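Q: One structure is given below, represented as structure tokens, and several questions about it will come after.
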Amino acid sequence: MKIIEMHLLPVKLQLKNAFVSNHETVSRREVSIIGLKNDTGIWGYGELEAFSTPYYTPETQRSARLIIKETLGPLLKNVQINQPEEITNIFSEIAGNQMAKAAIETAVWDLFAKIQKKSLAVLIAQKIHTKSRRNVPVGISIGAKSSFAELKNAVISANYQGYQRIKIKVTSAEELNLIKKILQVFPDSTFMIDANSSFSLKIASKLAEITAPNLVMIEQPLRTTDFVDHSILQARITTRLCLDENIFSLDDVRTAYTLKSAQAINLKLARVGGIANALAIINFCWEHGLLVWCGGMLEAGIGRATNLAVASLLGLDFPGDISASSRYYSKDVITSEFMLARGMLSVPLGLGIGVTLTPKYQQALQDTTSFL
Ligand code: OSB
Ligand code: MG
């Protein structure tokens with residue numbers, strides 16, 4: 001098939017609650033919806049997940065849209081595509097820009113699943129020779145809180161809703177005292193913390209002291225370009241380290257594995273350039289005994305559906321950062337809602353990503369001029 005039209009629609013969504021991390025406080029989330037039309041009139045959809053600012057990763061919505069329109073899109077013009085994996089190879093001559101690449105690549109996967117009349121979850125499972133689960137165990141990521149009372153209430157609420165694992169954002173080493181108390185007050189909940197680089201090697205001994213069995217991992221404690229200090233830290237503590245911001249590619253995962261910088265990988269499709277790279281990373285992690293699980297980055301409906309298709313893979317058992325729609329935006333871009341039932345989200349049964357843009361967003365997307 002060939003792609004004959006490409007459309008890009010910037011969208012601004014209001015988060016119900018501001019999300020605080022060490023990088024920034026997000027209250028308005030900007031994403032872009034990408035729509036691709038092929039030569040038989042079938043559409044595929046993807047979501048550009050870069051943030052408005054370059055704190056979490058170097059790309060921004062504006063930089064990525066520019067790269068998509070001026071550089072990546074034109075590489076697919078008049079090109080015959082037989083398999084979705086071909087996109088990653090075509091884009092490999094362009095350095096970096098993983099989120100821009102992933103936006104197009106995931107839309108092509110959606111398109112192929114629709115052509116083959118199957119769900120994206122099933123297509124992906126077939127590619128990696130496993131099965132797709134109907135229901136996916138999920139967790140929640142709670143933004144940093146300034147008081148113990150606020151944090152405790154957020155944990156009570158997450159437990160009440162049924163989330164199977166709770167991640168708490170931490171913006172400084174001082175907040176570890178709050179975390180220690182939480183670990184004691186909720187011995188039966190499974191926790192992890194995400195420092196988003198707000199720790200340093202200086203607090204290694206403080207981290208080594210936390211041996212609570214209900215703290216299953218510490219995500220991204222140190223600098224986003226460092227593998228060496230993470231390795232030193234991992235050797236000094238018994239709690240698993242998990243890398244997020246460091247990981248843009250399979251090569252980064254291999255570096256982390258070889259240097260023993262972490263024992264777990266937070267996998268985000270957008271951050272690694274799309275589904276084909278994500279599958280290569282999953283395979284590597286499974287072969288080498290690294291725990292790999294699906295992260296999230298405050299996606300809107302299209303991105304959440306795409307993540308859920310990957311997270312549905314049998315074997316990706318650790319609950320991901322893919323929470324119910326109600327946790328994020330008052331108005332999303334799709335017509336359906338992801339709802340939590342017994343700590344799980346169910347994978348849509350429809351073709352491709354299995355969700356549909358609301359008429360308003362579908363119209364707005366089609367009204368943009370194709371940049372191909
Ligand atoms: O560090 O995992 C992170 C959100 C935006 C950017 C980075 C991160 C996050 C989250 C939220 O933790 C996960 C979610 O989408 O619910
Ligand atoms: Mg993280």
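The values are calculated or read from the model by the stated rules, or taken from the named source; none is laboratory data. As the structure is a prediction and not an experimental result, all values here were calculated from the model. A quick note on method: Cβ atoms are made from the backbone with ideal geometry, for glycine too, and the neighbour counts reach across all protein chains shown. Areas reflect the complete protein model, heavy atoms only, side chains present, ligands, DNA and RNA absent. Shrake-Rupley method; radii C 1.70, N 1.55, O 1.52, S 1.80 Å.
Q: Please find, within the stretch 341-371, the residue that is nearest to ALA324 (Cα to Cα) out of those that are open to solvent by 40 Å² or more (accessible area, probe 1.4 Å) and part of a loop (DSSP other than H, G, I, E, B).
A: Of everything passing the filter in the stretch 341-371, ARG342 is nearest to ALA324 (Cα to Cα).
Q: If you go through the stretch 181-206, how many residues are in contact with a helix residue (DSSP H, G or I) (Cβ under 7 Å, 6 or more places away or on another chain), under 28 Å from TYR55 (Cβ atoms) and open to solvent by less than 20 Å² (accessible area, probe 1.4 Å)?
A: Counting residues in the stretch 181-206 that are in contact with a helix residue (DSSP H, G or I) (Cβ under 7 Å, 6 or more places away or on another chain), under 28 Å from TYR55 (Cβ atoms) and open to solvent by less than 20 Å² (accessible area, probe 1.4 Å) gives 5.
Q: Let me ask something else. What is the residue count in the stretch 157-175 for residues that are in contact with a Lys or Arg (Cβ under 7 Å, 6 or more places away or on another chain) and open to solvent by 20 Å² or more (accessible area, probe 1.4 Å)?
A: Total meeting the criteria: 1.
Q: May I pose another question? Suppose we filter the stretch 271-293 for residues that are open to solvent by 10 Å² or more (accessible area, probe 1.4 Å) and within 16 Å of ligand 1 (Cβ to nearest atom); how many remain?
A: Residues meeting the conditions: 1.
Q: Right, here's the next one. For GLN220, are the conditions met, namely being assigned by TED's automatic domain parsing to the domain that holds SER141, touching a Cys at 6+ places or on another chain (Cβ under 8 Å) and at positive phi?
A: Taking the combined requirement at face value, the residue satisfies it.
Q: Check off (1) open to solvent by 50 Å² or more (accessible area, probe 1.4 Å); (2) over 30 Å from ASN196 (Cβ atoms) for VAL79 and give me the number that stays unchecked.
A: (1)
Q: Go through the residues of the stretch 173-186 one by one and say whether even a single one is of a type in the set (Phe, Trp, Tyr) and farther than 30 Å from LEU345 by Cβ.
A: For the stretch 173-186, residues of a type in the set (Phe, Trp, Tyr) and farther than 30 Å from LEU345 by Cβ: absent.
Q: Here is a further query. Which residue, of SER197, SER205, is within 16 Å of ligand 2 (Cβ to nearest atom) and either modelled with pLDDT of 95 or more or in a helix (DSSP H, G or I) (or both)?
A: SER197
Q: If the requirement is being assigned by TED's automatic domain parsing to the domain that holds VAL253 and within 16 Å of ligand 1 (Cβ to nearest atom), which of these qualifies: PRO137, PRO213?
A: Selected residue: PRO137, the only one of PRO137, PRO213 that is assigned by TED's automatic domain parsing to the domain that holds VAL253 and within 16 Å of ligand 1 (Cβ to nearest atom).
Q: Mind counting the residues in the stretch 160-175 that are within 16 Å of ligand 2 (Cβ to nearest atom) and not in a strand (DSSP E or B)?
A: 5
Q: Considering only the stretch 222-264, how many residues are without any contact (Cβ under 8 Å) to a residue 60 or more places away in the chain, surrounded by fewer than 21 Cβ atoms within 10 Å (Cβ to Cβ) and out of contact with any strand residue (DSSP E or B) (no Cβ under 6 Å at 6 or more places or on another chain)?
A: Qualifying residue count, the stretch 222-264: 22.
Q: Does GLN83 satisfy the condition of being under 19 Å from ILE334 (Cα atoms), outside any helix (DSSP H, G or I) and among the polar types (S, T, N, Q)?
A: Criteria not met by GLN83.
Q: Could you run through the stretch 20-40 and say how many residues are modelled with pLDDT of 95 or more and buried (at least 20 other Cβ atoms within 10 Å of the Cβ)?
A: 7
Q: Something else now. Quick one: which of LEU151, LEU178 is part of a helix (DSSP H, G or I), touching a strand residue (DSSP E or B) at 6+ places or on another chain (Cβ under 9 Å) and open to solvent by 30 Å² or more (accessible area, probe 1.4 Å)?
A: None of the others qualify; the one that does is LEU178.
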